[in-house]
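One structure is given below, encoded as structure tokens.
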Amino acid sequence: MKDCVAVILAGGQGSRLSVLTKNLAKPAIPFGGRYRIIDFSLSNCYNSAIDTVGILTQYQTFALHSHVGGGKAPELPSYNGGVFILPPYLKESGGEWYKGTANAVYQNIEFVDRYDPKYLLVLSGDHVYKMDYRPLLSFHQEKEAEITIAVVAVPWEEAGRFGIMNIDQDFRVTEFEEKPAKPRSNLASMGIYVFNWPAVKAYLMADEQDGSSSHDFGRDVIPRMLREGRSMFAYPFEGYWMDVGTPESLWKANMDLLREDAPIELRDQLWPIYTVDPVRPPHYINNAAVTRQALVSEGCQIYGEVENSILFPGVSVGPGAVVKNSVLMPNATVGANTVIMAAIIGSETHIEENCAIGLNDPAQITVVGQGLSIPGNTTIHGAGDFPAGRGSDE
Amino acid sequence: MNNAMGIINLVESNQALNEITLHRPLATVPFGGRYRLIDFALSGMVNSGITNVGILAPFQQRSLLDHLRSGRDWQLALKKDGLALLPPSYGQPEPLPENDVRNFYNNLDFLKKSRQEYVLVTSPNVVGNLDFVTPLQAHQDSGADITFLYQRQDSSERDCPNCALLDIGADSQVTGIRFGHDSDEGTDFFAGTFILRKELLVKLIKDCYAKGVGSLLQGLAGQLPRFRTSAYAYSGYLARIHCLRSYYRYNMALLQPEVWQALFAQPRQIYTKIRDEAPAKYTRDSRVTNAIVAGSSTIRGTVDSSVLFRRVTVGEGAQVRRSVLMSNTEVGKNAVLEHVICDKDVRITDGKCLRGTPDQPLVLKKGTVV
């Protein structure tokens, strides 16, 4: 018997990220010069001493599975715990894809039952944040809740984009509104739930029988638990939390790391962000290079100018090239005299000489997909994606 | 699969780098921003398909054990073969002087139970993206008893007391091995590596042990005419770290893009102990030229022609030139460093000015606060 088992919902396609998620699940998107997005929730588990974690995957799983490493997580026990990758699988009665977040957990009831936990912690693999889940669990116990939802205060003008919790003075949830037109609270659900496992298991089984359900925690299971008067509390989280759902928010969350007062300290030795080492040498900066306000990873080679940008492992920037306000994902190469402004360049994309990419407008980020070869003298101006996804003006 | 096992001999050539090898064997001396010297020999073996590797360990082992752990980071945490630590015998009741022959002798069981037919013995002081496949093939093709790897280089390092030179006769026969100061001429530097059959190695070890010879290589040098030897000219990039000067010089050599390429070009990678570091951070006022920088470093000042290891911080207005700063070095505001080697955990307080010379870099011991 364990106190708590965590499951990370990592099956999302993240279709608003367009070309970036063409071959990649959203939790596997590179972030912050060295990481993939799922590293943050997974590291939160390790750092919160949660030693049994299931990762529910189904969309473009290869990069995600190889990143998580088939369950070999050095920080977790190899006996009675660990990290488990849980894609949909065939059962005696047949098999099906995960139909929704609740159905994904329903299909893995056996996995959770194997550890017979008191609590199930449901997390999303799409969010960038640092959070100790232990105070959340204590809060859940103190309130004698059956379900606790972590919430974060968002700007009032943006509250309409979130699932909003209305609470009483004791943090008891009185009402849950999905994307309300006139929000009465600015406490947004972070998609982080603590359930009493026996209670939610019954609801998951009931939900499965409900033909009208979309089998989603936020849309179906939680409203039903609230309707039926289950004891539901909101746990207020204070700190940086970012759902990098669009190219603009992905770009901005990366740019936030470059500020002197970066909202997430990646160097914190007490709360390390674990990831996969790229096994590359230290980076090299040439005599003629300029590197200012930048995060630069292993294996990069800089001969040109890099400013206010993030370079993932193995990126090279050729002589005379200029990279500003941009994010260059692993092994992207920039040819001589190419200029890149306010853009996201996908992994393994090679841009040859004398190209001009991006408008340098934070409201109009240019996204170049992964694994492309952009010939010399190409101009990709205009917001949107290349190759066209969101309506590039190419 | 090349039917060879490897041994990295750490017992020879300690204390070569003065302050830097005071508390660690040469094998775990930090090099090139994120590596320890032994990483190059280990990676070379793994990249050459050698997966049974013995580490002939010296007395000082803490940093070695800390670095190698299970061998996982070199893919050597295997169920069959893998990494084997061959500890020295300390001697009772009197401690024994360090001596690689006795260490080999005490670990003969490891050699005997290994399945491979050939043994490649190397030193931890060779830096390169090492290819052992071709030399092993050449050894098997030549029919020689022992093949010595060497490289012809300019003679400027001959004054290093820890280097060895080969005398090569007709038919690539090795006619002599000369050590350190005795080697007043010649440019064929021994590359620290030799290949032979396992049975011959076992025989040599027993023979040297019986005669009371302390160094296997010295023992070999004394009876070369008994064997068919062959000198193999290693053609790839090779740096040999014998002394402080060569250590400094070869760190600086990494700043030449062609050397960086020769060492680190894919697909043969140099493996090392993995730590999940953040990317290096450059602030708005940093000015960095001609530098090698490792993860989690933060640079606010000026850095030129230097090698920075992991978690180094360079403060505002500080100037670092032609220096090697190992992990956790902290350079305070407006401090100036030129031709300085900072060992790990060194702290230079604000405004200090420290200078060495190109021939005699200033070395600051681990943990020094200036």
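Read the figures in this text as sums done on the coordinates, not as results from a lab. All values reported here derive from a predicted model rather than from experimental measurement. We place every Cβ from the backbone using ideal geometry, glycine too, and count neighbours over all the protein chains shown.
How much length is gained if the chain between B:Lys333 and B:Glu258 is pulled fully straight, taking 0.36 nm per residue apart and subtracting their Cα-Cα distance, in nm to one decimal?
Values: separation 75, 0.36 × 75 = 27.00 nm, distance 3.33 nm.
Taking 0.36 nm per residue and subtracting the Cα distance, the gain is 23.7 nm.
May I ask for the distance between the Cα centers of region A:106-146 and region A:183-235, given as a whole number of Å?
13
For A:Lys179, list the aspartates and glutamates whose Cα falls under 18 Å from its own Cα; do not include residues on the same chain fewer than 8 positions away.
Candidates past the 8-residue exclusion: A:Glu157, A:Glu158, A:Asp216, A:Asp220, A:Asp243.
Over all Cα pairs of region A:336-375, how is the pair count split among 5 Å bins, expressed in % and running from 0 up to the last occupied bin?
Histogramming region A:336-375 at 5 Å steps yields 8, 26, 28, 27, 10, 1 percent.
Report, for the protein assembly as shown, the % of DSSP beta bridges that are antiparallel, rounded to 5.
Numbers: 50 of 156 bridges.
Looking only at bridges with both residues in the protein assembly as shown, the antiparallel portion is about 30 percent.
In straight Cα distance, which lysines are under 26 Å from A:Lys182, not counting same-chain residues fewer than 8 positions off?
none
So how many Lys-Lys pairs in region A:61-162 land under 30 Å Cα to Cα, not counting same-chain pairs under 8 apart?
Counting lysine pairs in region A:61-162 gives 11.
Where the only charges are on Cβ atoms (+1 Lys, Arg; -1 Asp, Glu), what is the dipole of the protein assembly as shown about its Cα centre, to the nearest 20 debye?
Working: 74 positive and 83 negative charges, 273 e Å.
Magnitude of the dipole: close to 1320 debye.
How much of the calculated P(r) for region B:281-364 lies past 21 Å, in percent of all Cα pairs? If you can, show how the numbers build up before the last one.
Values: 404 of 3486 pairs.
Here the long-distance tail beyond 21 Å is 12 percent of all Cα pairs in region B:281-364.
Count, for each residue of A:266-276, the Cβ atoms from other chains sitting within 10 Å of its Cβ, then give me the mean as a whole number. It would help to have the intermediate numbers written out before the result.
Details: counts 7, 10, 1, 2, 0, 0, 4, 3, 1, 3, 2.
Counting other chains' Cβ atoms within 10 Å and averaging over A:266-276 gives 3.
Shielding by partners for A:287-300, please: the mean number of other protein chain Cβ atoms within 10 Å of each residue's Cβ. Can you show the working numbers first?
On the way: counts 7, 2, 4, 5, 10, 7, 6, 9, 5, 9, 6, 9, 3, 3.
Average neighbour count from other chains, rounded to a whole number: 6.
Sort A:Asp210, A:Asp3 so that the residue with the fewest other Cβ atoms within 10 Å of its own Cβ comes first and the one with the most comes last.
Values: A:Asp210 12, A:Asp3 15.
With the fewest neighbours first, A:Asp210, A:Asp3 line up as A:Asp210, A:Asp3.
What percent does the relative contact order of chain B come to when contacts are Cα pairs within less than 8 Å and at least six residues apart?
Computed value for chain B: 15 percent relative contact order.
Pairs of Cα atoms under 8 Å, at least six residues apart: use those to get the relative contact order of chain A, whole percent.
Values: 943 pairs, mean separation 53.8, N = 394.
Across chain A, relative contact order equals 14 percent.
Just want the ordering: A:Met205, A:Met190, from fewest to most Cβ atoms lying within 10 Å of their own Cβ. Mind dumping the intermediate values first?
Working: A:Met205 11, A:Met190 22.
Ascending Cβ contact count within 10 Å gives the list A:Met205, A:Met190.
Report, in deg cm²/dmol and to the nearest 500, the calculated mean residue ellipticity at 222 nm for chain B, where each DSSP H run with n ≥ 4 adds -39500 (n - 2.57) and the sum is divided by the residue count.
Numbers: 9 runs with 79 residues, N = 370.
After summing the helix terms and dividing by the residues of chain B, the value is -6000 deg cm²/dmol.
Treat chain B as a sphere of radius equal to its Kirkwood radius over Cα pairs and apply Stokes-Einstein at 20 °C in a medium of 1.002 mPa s; give the translational diffusion coefficient in µm²/s, rounded to a whole number.
100
Among all the aspartates and glutamates, which ones have a C-alpha under 13 Å from A:Lys22's C-alpha, if same-chain residues fewer than 8 places away are not counted?
Here the aspartates and glutamates satisfying the reach criterion relative to A:Lys22 are A:Asp385.
Please tell me the relative contact order of region A:1-157 in percent, rounded to the nearest whole number, where contacts are Cα pairs under 8 Å and at least six residues apart.
Details: 226 pairs, mean separation 51.8, N = 157.
Over region A:1-157, the number comes to 33 percent.
How would you order B:131-140, A:32-41 from highest to lowest mean count of nearby Cβ atoms within 10 Å? Could you put the intermediate results ahead of the total?
Numbers: B:131-140: 18.2, A:32-41: 26.1.
Ranked from most to least packed, the peptides come out as A:32-41, B:131-140.
For chain A, taking Cα atoms only, what is the radius of gyration to one decimal and the Dmax to the nearest whole Å?
22.0, 68
Based on other C-beta atoms within 10 Å, arrange B:Val101, A:Val327, A:Val339 from fewest to most.
Fewest-to-most ranking of B:Val101, A:Val327, A:Val339: A:Val339, B:Val101, A:Val327.
What does the structure give for B:251-261 when I average, per residue, the other chain Cβ atoms found within 10 Å of the residue Cβ?
Working: counts 0, 0, 0, 3, 4, 1, 5, 0, 0, 5, 2.
If you average over the peptide's residues, the count of other-chain Cβ atoms is 2.
Would you mind telling me which residue in A:Val279, A:Val317, A:Val83 has the biggest mean-square fluctuation in a Gaussian network model of chain A, where springs connect alpha carbons within a distance under 10 angstrom?
Ranking A:Val279, A:Val317, A:Val83 by mean-square fluctuation puts A:Val279 first.
Please state, rounded to one decimal and in Å, the Kirkwood hydrodynamic radius that region A:208-256 gives when every pair of distinct Cα atoms enters the mean of 1/r. All intermediate terms of the calculation are to be shown ahead of the outcome.
Working: mean 1/r = 0.0711 Å⁻¹.
One over the average 1/r among Cα pairs gives 14.1 Å for region A:208-256.
When the convex hull of the Cα atoms of the protein assembly as shown is projected onto a plane and the area is averaged over all directions, what value comes out in nm²?
Averaged projected hull area, Cα only: 38.0 nm².
How fast does region A:168-282 diffuse by Stokes-Einstein, in µm²/s, taking the Kirkwood radius from C-alpha pairs at 25 °C and 0.890 mPa s?
Numbers: Rh = 18.0 Å.
Rounded, D is 136 µm²/s.
Looking at chain B as a GNM with Cα springs under 10 Å, which of B:Arg24, B:Arg69, B:Arg178 has the largest mean-square fluctuation?
With Cα springs under 10 Å in chain B, the top fluctuation among B:Arg24, B:Arg69, B:Arg178 is at B:Arg69.
For a protection proxy built on the mean count of beta-carbon atoms within 10 angstrom, sort A:104-112, B:107-115 highest first, please. It would help to have the intermediate numbers written out before the result.
Numbers: A:104-112: 19.7, B:107-115: 14.0.
Descending mean neighbour count gives A:104-112, B:107-115.
What value, in deg cm²/dmol to 500, does the helix sum -39500 (n - 2.57) over DSSP H runs of n ≥ 4 give at 222 nm once divided by the residues of chain A?
On the way: 8 runs with 70 residues, N = 394.
Mean residue ellipticity at 222 nm (helix-derived): -5000 deg cm²/dmol.
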